[in-house]
Amino acid sequence: MPSKKRRRKEERPKIHPKNKYSDNPPDFALLASLYPTFKPFVFYTREGRPRIDWTDFNATRELTRVLLLHDHNLHWWIPHGQLCPTVPNRSNYIHWIEDLLSSHIIPRDNTNGGNVRGFDIGTGANCIYPLLGASLLGWSFVASDMTDVAIEWAERNVKNNPNISELIEIRKVKCSQNTLSPEGLSGESSYSEEREGLPSSSLDISASEDKSYYGPAILVEVVRDGETFDFCMCNPPFFESFEEAGLNPKTSCGGTYEEMVCPGGEKAFITRIIEDSVVLKQSFRWYTSMVGRKVNLKFLVSKLREVGVTVVKTTEFVQGKTCRWGLAWSFVPPAKKIVTPHVTEKNILSFMLEGIQRQFGAIHVLQSVESFFLAGGASCKLNASSFVLDITASADHCNALLNNDVKYIDEVASCSNVQEAPSNLCFRILVFQQIPGTLLVKGSLQHRDSALS
């Protein structure tokens, strides 16, 4: 009999390994036995599995309350209609930022005395990110919001946890005349779904036009002169309208107009964060935001390339059947890697590039490398069919490139001078496609007897 071909299932991203719920998801039965206020919201399936009604705001709020108390020793509450976060999902975001800060992609900054300082954009009444960041990792936060209700309850949640209250500052954003308010709607209105319940396909609804954000200040005019932060984070308003916010009836986590809706949706809101980051530049080591629609992620990454950031990182947050994406960028120059003497003795150097978005292949990497060296005045010859780039550079160009001194490069010599000089450094770069998202890069010297080798 002919063997049946097994379909390879694409491995889905998993919950962050550092997440408390990675190997131990919340046990509803246990929580119900320990917390009588949670017990009425728990029911059992025919198979005897404990469940809660995700369309019941009171159930989701009580679950969040007992999880924060049971697993994080945090006392927490929000009034009806405010955005109710899910603890595992929010923990994923915190741990991803922890990974970014501990990586060596960009150099560490000791401006804040070694203490990690974050900025939570639109913290809401729940103030979930500062509470988790402070309790889990000892980070300090400035948490901003614009409504009186959000400020009042965020401050209550901070004060009710005196062990970490000194680590969190709640800062009110002044509303400008351009700030939108819902017509005929109160700030307490609730929705049939918060971002968590939106399908992972992200409801690819085409916007009728590309709208710009014109709400209250986000970072510029909120961050004070001379302030520096290790990161900012944001769970932006995902939707452009009330109707769009209520498309998924399967869950109900509440949410006010200000938390859920803004003209242009998350695309416009995060674009404004990008524009603010261009002004503030290295006031933050990392700028980050959660993204609800993958189609918007592609647009935002392209926008970041346009404004000249030095690093862009993305990730996928998974909780059950729900997917969200994380976007991070920085204007801090990447850390320089020192080439050790034993490495310089090798004729060929190679390394792997992993995690590249699938739409980018070997030729895109080669073109980026070519643009970099051409901008520095070196001579380049690209063979697109064999994915090979030959580069010729003088001593002055090499030194200037290593020192990131592009201005100096332009003054040193023209490309014609590079080609004629007898003591140039000539090397070749090859890029091989391994699997989608992974490339092998090889570099080799062409003339070992060169004075620059």
task = Calculate, in nm to one decimal, what A375 and K159 gain on full extension: separation in residues at 0.36 nm each, minus their alpha carbon distance.
result = 72.4 nm
query = How much FRET efficiency would the formula 1/(1 + (r/R0)^6) give for K14 and A395, where r is the Cβ-Cβ distance and R0 is 45 Å, rounded to 0.05?
reply = 0.35
key: Point-to-point label distance, T37-S212, nm (Cα→Cβ direction, 7 Å offset)   = 4.7
remark   = With label points set 7 Å from each Cα along the Cα-to-Cβ direction at R428 and L136, the distance between them in nm comes to 4.8
Candidates per chymotrypsin sites (Phe, Trp or Tyr not before Pro) in segment 88-143, loop by DSSP, up to 11 other Cβ within 10 Å = none
Enclosed volume per residue, in Å³, of the convex hull spanned by Cα atoms of segment 68-157 = 105
task = Quote to one decimal, in nm, the extra length available between R49 and L349 on full extension: 0.36 nm per residue of separation minus the C-alpha distance between them.
result = 102.5 nm
message = I need the calculated FRET efficiency for the pair S444 and K174, taking r as the beta carbon distance and R₀ as 51 Å, to the nearest 0.05.
response = 0.30
request  = Please give the FRET efficiency for H80 paired with T228, using the beta carbon to beta carbon distance and R0 = 30 Å, rounded to the nearest 0.05.
outcome  = 0.20
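FYI, it's all coordinate maths here, none of it is from the lab. Predicted model, so just to flag it, every value in this text is computed and none were measured. With ideal geometry, Cβ positions are generated from the backbone for all residues, glycine too; neighbour counts draw on all protein chains shown.
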